[in-house]
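Down below is the structure, laid out as structure tokens.
The values are calculated or read from the model by the stated rules, or taken from the named source; none is laboratory data. This is a predicted model, so every value here is computed, not measured. FYI the Cβ positions are ideal-geometry reconstructions off the backbone, even for glycines, and counts take in every protein chain you see.
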Amino acid sequence: MRTEIFSTTPRIVLGGGCAARLPDEVKRLGGASVLIVTDPGVVGAGIAERLEKLLAAAGLAVAVFDKVEADPRYEIVADALAALKACGADTVIGLGGGSSLDMAKITAVMAKNEGPVGKYFGIDRIPAPGLPTILVPTTAGTGSEVTPIVILSDHGEKLKKGIVSPYIYPACALLDAELTLGLPQKVTAATGMDALIHAVEAYTSINATPTTDMLAKEAIALVFGNIRTAYANGADLTARENMLRGAMLAGMAFANAGVTAVHAFAYPIGAEFHIPHGIANTIMLVPVMRFNQVGNLGRFAALAALFGVPTAGLTDRQAAAAAVTALTELAEDLRVPQHLAAYGVTEAHVPALSEAVLLVTRLLANNPRKMTREDAEAIYRQAL
């Protein structure tokens, strides 16, 4: 029997209005001065100012770094680190979507580890813990608040690269669904699909365990069962909280089981064509699932039942096909693009993209079916 190892964020606070506990969580960690790492959208929505005032009222010194971009370049880490050193903060708060949370995590780590950040791409290369970090997601998508992973873009190589280390886990995750109520429909759809795909890939990874299966299945139930409501009626707090919880559970699942080829194929197109991460994953989902099914047909068939599809009398192949149909219909309902052509990708780009995807070995190692460059080219062509 194989040895199973499971890890996650050590402290999770979840509930409507729990953002009010943020000062207490900082003080629990011994913090007196904080840097909020966020993006212009969160600042524009007034969320950063709200938390800044909350922290200041509790007697904490507060500074804000709000230059995080979507799919941030690794060069942004230097800017965030400079802001951290300038204010002398002892605690880092990540506020926003996955990009802001990832930037907070790597900034905290780099405060205690010698640069450049590029030498830490890969697995278990960070030598020492960083500053304490509290992550406050404002989207129900990446699950970054419970993963030991940071994803940064390398525009020179047109790739997204990962840094994986147990030192990247935050000290605390604080999930307040009220902070997601103003999320635009397009962002709700794209980030929600990302969360669902995390759960699907964790469930079909070759590294899945009974523990990650439990988390992935509950995540699928929560996200698939609530994403349409959260999209159609963004003020529904119950749907928003279920989405936030589902994204967190999906993050726990894939942090331990790994994601697979869907994310691997999304990285090159996201880096080169700047396709939002959740949309890139959605576009690649169906062609990759169709390719992967023969690697573990029973698992892909089981997804149909998890999506609420009647499977009585269906063969595994038919059930697996029904699962793909259910996901296609979901993307249509959420108006998430399902073709690369919408972003200017053409047949001429396929060879280079296929070469790039085979470099994402960290994720392809989890995939239930091995693939060649010819396979990769065929998958990208299906997505055009």
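Contact list please: Cβ distance under 8 Å, first residue in the stretch 1-26 and under 24 Å from residue 256 (Cβ atoms), second residue surrounded by fewer than 17 Cβ atoms within 10 Å (Cβ to Cβ) and of a type in the set (S, T, N, Q), pairs at least six apart or on different chains.
As it stands, the answer is 4/211; 6/211, since those pairs meet every condition given.
Just for the stretch 94-126: of the residues that are closer than 19 Å to residue 363 by Cα and of a type in the set (Asp, Glu), which one is surrounded by the fewest Cβ atoms within 10 Å (Cβ to Cβ)?
The qualifying residue surrounded by the fewest Cβ atoms within 10 Å (Cβ to Cβ) is 124.
Do any residues in the stretch 48-67 that are in contact (Cβ under 8 Å) with a residue 60 or more places away in the chain have Cβ atoms under 6 Å from those of residues that are assigned to a strand (DSSP E or B), where the two are at least six apart or on different chains, and which pairs are they?
Correct list of pairs: empty, since none qualify.
Matching residues to (1) β-branched (Val, Ile, Thr); (2) in contact with a Leu (Cβ under 6 Å, 6 or more places away or on another chain); (3) over 19 Å from residue 87 (Cα atoms); (4) in the same structural domain as residue 148 (by TED's automatic domain parsing):
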{"site": "24", "(1), (2), (3), (4)": "no, no, yes, yes"}
{"site": "33", "(1), (2), (3), (4)": "no, no, no, yes"}
{"site": "38", "(1), (2), (3), (4)": "yes, yes, no, yes"}
{"site": "44", "(1), (2), (3), (4)": "no, no, yes, yes"}
{"site": "52", "(1), (2), (3), (4)": "no, no, no, yes"}
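Can you go through 218, 272 and tell me which one is in contact with a Gly (Cβ under 9 Å, 6 or more places away or on another chain), of a type in the set (Asp, Glu), farther than 22 Å from residue 290 by Cα and assigned by TED's automatic domain parsing to the domain that holds residue 359?
After ruling out the rest, the residue left standing is 218.
Return the residues of the stretch 336-371 that are hydroxyl-bearing (Ser, Thr, Tyr) and within 25 Å of residue 254 (Cβ to Cβ); say none if nothing qualifies.
Taking the stretch 336-371 as the starting set, the residues that turn out to be hydroxyl-bearing (Ser, Thr, Tyr) are 343, 346, 354, 361.
Passing the criteria: 343, 354, 361.
Look through the stretch 325-346, keep the residues that are of a type in the set (Val, Ile, Thr) and crowded, with 19+ Cβ neighbours inside 10 Å, and return whichever of them is nearest to residue 218 (Cα to Cα).
336
Might you let me know whether the stretch 58-78 holds any residue that is part of a helix (DSSP H, G or I) and over 23 Å from the mean Cα position of the chain (by Cα)? Steps first, please.
Initially, the stretch 58-78 is screened for residues part of a helix (DSSP H, G or I), giving 76-78.
Then keep just the ones that are over 23 Å from the mean Cα position of the chain (by Cα); that gives none.
Looking through the stretch 58-78, none of the residues is part of a helix (DSSP H, G or I) and over 23 Å from the mean Cα position of the chain (by Cα).
Residues that are under 21 Å from residue 265 (Cβ atoms) and of a type outside the set (Val, Ile, Thr): does the stretch 176-190 have at least one? I'd like the intermediate steps shown before the answer.
As a first pass, look at the stretch 176-190 and keep what is under 21 Å from residue 265 (Cβ atoms): 189-190.
Cutting the leftovers down to of a type outside the set (Val, Ile, Thr) gives us 189-190.
Yes, that holds for at least one residue.
Are any of the residues in the stretch 269-281 closer than 22 Å to residue 361 by Cβ and in contact with a strand residue (DSSP E or B) (Cβ under 7 Å, 6 or more places away or on another chain)?
yes
Considering only residues of the stretch 1-24 that are part of a loop (DSSP other than H, G, I, E, B) and of a type in the set (Val, Ile, Thr), which is surrounded by the most Cβ atoms within 10 Å (Cβ to Cβ)?
9
Which residues, counting only those in the stretch 29-52, are more than 17 Å from residue 183 (Cβ to Cβ), crowded, with 17+ Cβ neighbours inside 10 Å and small (Gly, Ala, Ser)?
Selection gives 31 alone.
A quick yes/no check of all residues on (1) assigned to a helix (DSSP H, G or I); (2) modelled with pLDDT of 95 or more; (3) within 15 Å of residue 165 (Cβ to Cβ); (4) touching a strand residue (DSSP E or B) at 6+ places or on another chain (Cβ under 6 Å):
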position: 103; (1), (2), (3), (4): yes, yes, no, yes
position: 113; (1), (2), (3), (4): no, yes, yes, no
position: 129; (1), (2), (3), (4): no, yes, yes, no
position: 134; (1), (2), (3), (4): no, yes, no, yes
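Could you say which residue among 226, 256, 233 is surrounded by fewer than 22 Cβ atoms within 10 Å (Cβ to Cβ), more than 13 Å from the chain's Cα centre (by Cα) and at pLDDT 95 or above?
233
Report, by residue number, each residue of the stretch 362-375 that is over 19 Å from residue 200 (Cα atoms) and surrounded by fewer than 12 Cβ atoms within 10 Å (Cβ to Cβ).
372, 374
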